[in-house]
Each structure stands twice: as C-alpha cells, then as structure tokens.
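Contents: one structure, followed by commentary.
The values are calculated or read from the model by the stated rules, or taken from the named source; none is laboratory data. Computed from a prediction, not measured in an experiment: that's the story for all the values here. Quick reminder, even Gly has a Cβ in these numbers, built from the backbone with ideal geometry, and neighbours come from all protein chains shown.
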Amino acid sequence: MEARTINIESRTERLSAVRDFVSAAARECGFPDDEVSKIALAVDEACTNIIKHAYRYDPNKKITVTVKPKTRGLEIAIADTGTGFDPTRVQTPDMKEYLSHYRHGGLGVYLMKSLMDKVEYTIDPGRSNEVRLTKYLAH
C-alpha cells in the first residue's frame with residue numbers, strides 16, 4: 001500500500017467518509033476488524049476535535065488525512081490550519097469521577113492515546129497543526 005490522502009471540509013457529516021477511508025487502509029495493512037474499529041474511532045475523535053476546537057465549527061475549513069503504511073503498522077496524519085493547543089496541558093481524566101458526574105465530551109485525547117500505540121503532535125498556531133496516530137500490528 002502506498003500513502004494516500006483525503007481532504008474534507010470541517011463538517012461532522014464528512015466524518016463517515018474519513019472513517020471509511022481509514023478503515024479501508026487499515027484492512028489493507030492487515031489489521032483485524034476490532035483494530036480497524038479502534039483506529040477509525042481514534043481518527044474520528046481527532047477530526048471532531050479539529051472541527052469543534054481548532055475551527056470552532058467553521059464548515060469552510062479543510063482537514064487533510066493521510067494514511068501511510070509503516071513497518072508492521074499504519075500511521076495516520078491529520079492536519080489543519082486552525083487554532084492550536086498545548087497537548088501537554090491535557091490531563092488524563094479520572095474516569096470514576098468523570099462517570100459519576102455524568103459528564104459528556106472531553107475524552108478525545110484520552111481515547112486517541114488509549115486506542116493507538118503512539119500519538120504525536122506538531123503545533124504551529126495559525127499556520128498548521130498535525131496529529132500523527134500510529135498503530136502497530138500485533139504479531
């Protein structure tokens with residue numbers, strides 16, 4: 001498999017196209033269905049964060065998703081030009097407290113880190129931001 005890219009508008013209704021695109025690439029790399037679902041969910045969370053936070057629901061902005069095969073795995077790079085953030089300031093949630101207060105949202109970064117093997121950020125506020133999600137095959 002070669003690297004491939006999809007560009008979408010920053011609209012939640014475009015997330016299904018991204019999930020399908022990433023799922024197809026993950027299957028092609030040999031991931032089983034349960035891992036494909038985890039990868040698709042992590043990418044969905046990353047794109048949702050961009051739509052909500054980096055672009056503040058501006059539907060005219062673009063998100064670029066590139067899948068690249070890696071030795072024994074897959075890397076997904078998700079890029080935007082919106083407002084950046086400091087990923088080191090995101091704290092791991094106390095799930096017991098989170099659930100006891102019936103909270104909604106705020107788990108995107110936590111989910112990405114839980115579902116993927118590696119999550120890396122390159123932030124250049126106002127210019128470009130990128131999150132790279134890497135998943136390795138189990139064997």
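Mind checking which residues of region 60-83 are within 14 Å of N129 (Cβ to Cβ) and outside any strand (DSSP E or B)?
Of everything in region 60-83, those that are within 14 Å of N129 (Cβ to Cβ) and outside any strand (DSSP E or B) turn out to be K61, T81, G82, T83.
What are the pairs, 6+ residues apart or on separate chains, where a residue within region 114-139 that is more than 17 Å from G73 (Cα to Cα) and buried (at least 18 other Cβ atoms within 10 Å of the Cβ) has its Cβ under 7 Å from a residue that is of a type in the set (A, V, I, L, M) and modelled with pLDDT of 95 or more?
Cβ pairs passing all conditions: N129/A79.
Would you point out which residue out of V22, V36 is closer than 18 Å to D80 by Cα and either buried (at least 18 other Cβ atoms within 10 Å of the Cβ) or touching a Leu at 6+ places or on another chain (Cβ under 7 Å) (or both)?
Exactly one residue qualifies, and that residue is V22.
Just one of (1) in contact with a Phe, Trp or Tyr (Cβ under 9 Å, 6 or more places away or on another chain); (2) at pLDDT below 95 trips up I39, so point out which.
(2)
Can we say E9 is touching a residue at least 24 places away in the same chain (Cβ under 8 Å), of a type in the set (D, E, K, R) and surrounded by 17 or more Cβ atoms within 10 Å (Cβ to Cβ)?
Answer is no for this residue.
Going residue by residue through region 27-43, is there one that turns out to be under 11 Å from the mean Cα position of the chain (by Cα) and within 13 Å of V131 (Cβ to Cβ)?
Yes, because at least one residue in region 27-43 is under 11 Å from the mean Cα position of the chain (by Cα) and within 13 Å of V131 (Cβ to Cβ).
Consider T48 carefully, then state whether it is assigned to a helix (DSSP H, G or I), of a type in the set (S, T, N, Q) and touching a residue at least 40 places away in the same chain (Cβ under 8 Å).
It is true that T48 is assigned to a helix (DSSP H, G or I), of a type in the set (S, T, N, Q) and touching a residue at least 40 places away in the same chain (Cβ under 8 Å).
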